[in-house]
Amino acid sequence: MRTTVGIIGAGPAGLLLARLLHNAGIDSVVLESRDRAYVERRQRAGILEQGTADVLRAAGAGERMDREGLRHDGIELRFDRRRHRVDFPALTGGRSVMVYAQTEVCKDLIALQLQEGGPLLFEAEALAVEDAGTDAPRVRFRHEGREDVLECEYVVGCDGFWGVARKAIPAELTQVFERTYPFGWLGILADVPPSHDELVYARHDRGFALLSMRSPSISRLYLQVPDGTDAGTWSDEEIWDELEHRFETADDWRLERGPITQKSVTPMRSYVHEPMRHGRLFLAGDAAHIVPPTGAKGLNLAVGDVVTFARALTHRKETGSAELLDTYSQTCLRRIWQAERFSYDMTTLLHRAPGATGFEDRLQLARLERIASSRAAETDLAEGYTGFSFG
Ligand code: FAD
Ligand code: DHB
């Protein structure tokens, strides 16, 4: 099998890249190790930056998002039983975000790819990227019980944190920057209308909590839990009781309960792999970097990477110049490090580390006070949350 761009992974990065290349008249093949139902059901991100929504629209993949997605103009910060709303458009010259789940983005892109795009093979597991340093890189993969080879001009590893692409970059050329956190998130989906019309990020002495949503009738909620927690050890009632504690306010706000339909625990880490390119192999999305989810940045970073790659390859095709491909890693990393910083700040602002001292608690409250009382501090948060430029 032969193609121009071999794409490993059909998460948001791989699927959007295939679409952008198709629109630019460049052919590709996508290899995905899981089956279609799994990819379409995996609960993850919920928030699209305005720039991400604009890219999906321009790629012809925004129709259902514009119909069913919920535009959000702010978030609420909750601390010390108080509520503070951050108004995005007022602080950023009109920017907002979109609540539209990653599952839906993936469903839309898969449907488009199968109708109009090049091959998208499910249950096709990449085993290794070979000859990345040459003009003819190859992906060895297993599909329908047989081993095969995809001969490419370029390979893009969009295969997430646990993928194989990153391993093809020699260790002596690589630097990894990493931090793990001593807590994770227990996430639930519940059949109950969201108790607030915007997302609520709560800092509490018992730990962080987040209220989000998937639709006007489905809530998505998260609780900070100790690292290594098994979701099964929390009963539904314990989860609701704990959420109620952490979201408590001095006014008469109430958390509505409903049947919990899904429960899982996500670990938290910050991770950056530099460089993101070796020869004709490029890494995009979670394959190259991870942020803790508090800033809602992971999917948006993946989109930024593939937009940068598609632009660079189109430039190469139109002008013959490899200049933008050569600077791919630096261009992406500028934005990635801003998102790493923002996600770290949001995480340390809102989570209670095990063994945190009274001094650290007071500092967190002072940082939150500062955001609530200084337009400059609040603007910094609003700019970070609504997104850094794709430049
Ligand atoms: P992935 O989605 O991980 O896709 C990689 C794909 O590659 C997968 O389909 C995998 O099966 C496939 N694959 C792996 N290995 C192979 C192989 N060897 N061969 C073939 N295929 C392979 N981000 C946000 O922007 N906003 C949010 O609100 C947000 N909230 C989050 C909440 C949670 C609980 C979690 C866990 C994440 C959240 N994120 C959020 C992060 C976001 O989900 C990820 O950053 C995003 O999925 C990255 O997309 P990706 O395509 O790079 O990788
Ligand atoms: C969601 C996830 C996040 O990490 C976040 O910061 C906001 C919302 C969500 O899944 O809805």
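Coordinate-derived values only; no laboratory data. The model shown is predicted, which means the values in this text are computed figures rather than measured ones. Here the Cβ is made from the backbone with ideal geometry for all residues, glycine too, and neighbour counts use every protein chain on show.
Here Lys107, Lys317 are placed in order of increasing Cβ neighbour count within 10 Å, fewest first, which gives Lys317, Lys107.
Between Arg375 and His84, the modelled label-to-label distance comes to 1.6 nm, taking each label 7 Å out from Cα in the direction of the beta carbon.
Ranking of Phe282, Phe388 by neighbouring Cβ atoms within 10 Å, starting from the fewest: Phe388, Phe282. Summarising the amide proton neighbourhood of Arg34: residues at separation of 5 or more, or on other chains, whose placed amide H is nearer than 5 Å comprise Glu123, Ala124.
Output the relative contact order of region 290-370, whole-number percent, from Cα pairs under 8 angstrom with separation of 6+ residues.
Details: 54 pairs, mean separation 27.3, N = 81.
That works out to 34 percent.
For the residues Ala310, Ala202, Ala356, a GNM of the chain with alpha-carbon springs under 10 Å puts the largest fluctuation on Ala356. For region 228-236, putting each phi into the Karplus relation 6.51 cos²θ - 1.76 cosθ + 1.60 with θ = phi - 60° gives couplings of x, 5, 9, 4, x, 7, 9, 6, 4 Hz, in residue order, rounded to whole numbers and with x for Gly and Pro.
Computed from backbone phi with θ = phi - 60° and the Karplus coefficients 6.51, -1.76 and 1.60, the 3J(HN,Hα) list for region 87-98 is 9, 4, x, 5, 8, 10, x, x, 7, 8, 10, 10 Hz; x is used for glycine and proline. For Met213, the amide hydrogen comes within under 5 Å of the amide hydrogens of Arg220, counting only partners 5 or more places away or on other chains and with H modelled in the peptide plane. The equivalent ellipsoid that matches the C-alpha gyration tensor of region 287-386 spans semi-axes of 37, 14, 9 angstrom, in descending order. Over all other residues within a Cβ to Cβ distance under 14 Å of Gly355, the charged ones net out to -3, with Lys and Arg as +1 and Asp and Glu as -1.
Residues of region 124-168 with an amide N closer than 17 Å to a point placed 7 Å from the Cα of Ala37 along the Cα-to-Cβ direction: 124. The fewest-to-most ranking of Arg166, Arg82, Arg362 by surrounding Cβ atoms within 10 Å reads Arg362, Arg82, Arg166. For the chain, the Cβ-based charge dipole about the Cα centre amounts to some 420 debye (Lys, Arg positive; Asp, Glu negative; other atoms uncharged). Given Cα pairs under 8 Å that are at least 6 residues apart, what percent is the relative contact order of the chain? Worked out over the chain, it gives 20 percent.
Site pair Thr327 and Asp230 shows an inter-label distance of 5.3 nm when each label is modelled 7 Å from Cα along Cα→Cβ. Between Arg214, Arg36, Arg67, the Gaussian network model of the chain with springs among Cα atoms under 10 angstrom shows the greatest mean-square fluctuation at Arg67.
Each 5 Å bin, from zero up to the one with the longest distance, holds this percent of the alpha carbon pairs of region 71-159: 3, 10, 12, 12, 12, 10, 8, 7, 9, 9, 5, 2. Between beta-carbons, use under 12 Å as the cut-off and find the net charge around Gln43, counting Lys and Arg +1, Asp and Glu -1. Combined, the nearby Lys, Arg, Asp and Glu give +4. Measure out, as a whole number of angstrom, how far apart the alpha-carbon centroids of region 258-316 and region 45-69 sit. What the calculation gives is 17 Å, centre to centre. Summary of packing: across the peptides 370-379, 239-248, the per-residue average of other C-beta atoms within 10 Å ranks them, highest first, as 239-248, 370-379. Other residues within the sphere of radius under 14 Å centred on the Cβ of Ala288, judged by their own Cβ, net out at +1 (K and R +1, D and E -1).
Pop the C-beta distance of Trp162 and Asp73 into the FRET formula with R0 = 35 Å and round what comes out to the nearest 0.05. It would help to have the intermediate numbers written out before the result.
Values: r = 36 Å, r/R0 = 1.03.
The calculated FRET efficiency here is 0.45.
Of the peptides 228-238, 265-275, the ranking by mean beta-carbon count within 10 Å, highest at the top, reads 265-275, 228-238. When the Cα positions of Gln224, His278, Pro267 are compared along the charge dipole of the chain, His278 comes out farthest toward the positive end, with charges on each C-beta of Lys, Arg, Asp and Glu.
Over the Cα atoms of the chain, Rg to Rh with Kirkwood Rh, two decimal places? Display every interim value, and only then the final one.
Numbers: Rg = 21.2 Å, Rh = 21.7 Å.
Looking at the chain, the ratio lands at 0.98.
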